[in-house]
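**Student:** Before I ask anything, let me first share the structure, which is written out below as structure tokens.
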Amino acid sequence: MADYVIVTDSSCDLPSELAKELELVVLPLSFHLNGKEYHNYLDEREMPIGEFYRRIRAGEPCTTSAVNVDAYKSAMEPLLQQGVDILDIAFSSGLSATYSSAKIACEELAEKYPGRKVFAVDTLAASLGQGLLIYLAVQMKRAGKSIEEVRGWVEENKLRLCHWFTVDDLNHLKRGGRISGATALFGTMLNIKPVLHVDDEGHLIPMGKVRGRRASLDALADHMEQSADDPASQTVFISHGDCREDAEYLAGEIKRRMGVKNFVIGNVGPVIGTHSGPGTMALFFLGSKR
């Protein structure tokens, strides 16, 4: 076994096969749909993502829960007992208590196993933004970088990880308190689509608005064109809320404009999808700043 493993949580939204290929340990967050609890495993073993979005569209109520300290300790302790160090790369503290749980678990386990290294990093990222940081961290690990070097790189570069989002249904943002009821009502009537990003504190904030779905997708590409570092050399990540065709359109537009060749396209999972809704489109890349 490797001298250290990378641990994360399911809000990273990485496709299941990619997470397996990257040799990650992934802890599931939970969601409560219509009063029943499900675990958000990346392989969708408890609920297919299509069913989740069908039920959300039908108006079933849903809430989410963070990974708790005990779950982290249960997953990490057997690794430490085998003599393996741990780097946890966690969901934004600005959106979830998951990083707080990870940090507490790491501190307690580091005290119990003084010969081992147990680190937690707050990505200040969400969905495939978190996934992209993890993907890049694994590439560094495979290139022979130490756990300290990878941890340091993630800390130093996480605020270069650009997140740009749009949503199709404003009512989900209204329920989450991101916009007012009046804004949702009039925005829906006028076909207004918000453009949002994740800021340096890891919060999802509105940055603008456009009229029409296609214009909102083009706005995401516009932001990348304005701020990406050497985009043609990057692997760009795109996540979508049950709207694969729109994700393919966005990828095509980015390829046409900026010569990007490599993409990872995946679903916005239930943890983010509960709050952003079907039709969410999110774009992730490295830039000069968020």
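The values are calculated or read from the model by the stated rules, or taken from the named source; none is laboratory data. Every value quoted in this text rests on a predicted model; they were computed, and no experiment measured them. FYI the Cβ positions are ideal-geometry reconstructions off the backbone, even for glycines, and counts take in every protein chain you see.
**Student:** Right, S233: in contact (Cβ under 8 Å) with a residue 60 or more places away in the chain and among the small types (G, A, S) or not? It would help to see each step written out before you state the result.
**Tutor:** On the way: in contact (Cβ under 8 Å) with a residue 60 or more places away in the chain: no; among the small types (G, A, S): yes.
No: the conditions fail for S233.
**Student:** While we're here: Looking at (1) over 20 Å from the mean Cα position of the chain (by Cα); (2) free of Cβ contacts under 8 Å to residues at least 40 places away in the same chain; (3) surrounded by fewer than 24 Cβ atoms within 10 Å (Cβ to Cβ), which is the one condition that is false for A105?
**Tutor:** Tallying (1) over 20 Å from the mean Cα position of the chain (by Cα); (2) free of Cβ contacts under 8 Å to residues at least 40 places away in the same chain; (3) surrounded by fewer than 24 Cβ atoms within 10 Å (Cβ to Cβ), A105 fails exactly one: (3).
**Student:** Now for a different question. With respect to the numbered conditions (1) without any contact (Cβ under 8 Å) to a residue 60 or more places away in the chain; (2) assigned to a loop (DSSP other than H, G, I, E, B), which one is the sole condition not fulfilled by L42?
**Tutor:** The number of the failed condition is (1).
**Student:** Inside segment 57-106, can you point out the residues that are touching a Pro at 6+ places or on another chain (Cβ under 8 Å) and among the charged types (D, E, K, R)? Talk me through it step by step, then tell me what you get.
**Tutor:** Going residue by residue through segment 57-106, those that are touching a Pro at 6+ places or on another chain (Cβ under 8 Å) are 57, 62, 64, 67.
Residue satisfying the conditions is R57 alone.
**Student:** Also, I was wondering about something else. What single numbered condition from (1) in contact with a helix residue (DSSP H, G or I) (Cβ under 6 Å, 6 or more places away or on another chain); (2) surrounded by fewer than 21 Cβ atoms within 10 Å (Cβ to Cβ) fails to hold for L87?
**Tutor:** Going through the list (1) in contact with a helix residue (DSSP H, G or I) (Cβ under 6 Å, 6 or more places away or on another chain); (2) surrounded by fewer than 21 Cβ atoms within 10 Å (Cβ to Cβ), L87 breaks only (2).
**Student:** Scan G241, G279 and give me the residue that is within 19 Å of the chain's Cα centre (by Cα) and farther than 18 Å from F91 by Cβ. Break it down stepwise before answering.
**Tutor:** Details: G241 fails: farther than 18 Å from F91 by Cβ.
It is G279.
**Student:** Only one residue in L29, L18 is crowded, with 20+ Cβ neighbours inside 10 Å and hydrophobic (A, V, I, L, M, F, W, C). Which one?
**Tutor:** Numbers: L18 fails: crowded, with 20+ Cβ neighbours inside 10 Å.
Only one candidate passes the filter, namely L29.
**Student:** So, L250, is that one in contact with an Asp or Glu (Cβ under 9 Å, 6 or more places away or on another chain), within 14 Å of D230 (Cβ to Cβ) and not aromatic (F, W, Y) or not? Before you say what the answer is, go through the steps one by one.
**Tutor:** Numbers: in contact with an Asp or Glu (Cβ under 9 Å, 6 or more places away or on another chain): yes; within 14 Å of D230 (Cβ to Cβ): no; not aromatic (F, W, Y): yes.
No; evaluated as a whole, the condition is false for this residue.
**Student:** Tell me whether segment 23-35 contains one or more residues that are outside any loop (DSSP other than H, G, I, E, B) and either without any contact (Cβ under 8 Å) to a residue 24 or more places away in the chain or assigned by TED's automatic domain parsing to the domain that holds V264 (or both).
**Tutor:** Taking segment 23-35 first, the residues outside any loop (DSSP other than H, G, I, E, B) are 25-27, 30-33.
So of that shortlist, the ones also either without any contact (Cβ under 8 Å) to a residue 24 or more places away in the chain or assigned by TED's automatic domain parsing to the domain that holds V264 (or both) come out as 26.
Within segment 23-35, one or more residues are outside any loop (DSSP other than H, G, I, E, B) and either without any contact (Cβ under 8 Å) to a residue 24 or more places away in the chain or assigned by TED's automatic domain parsing to the domain that holds V264 (or both).
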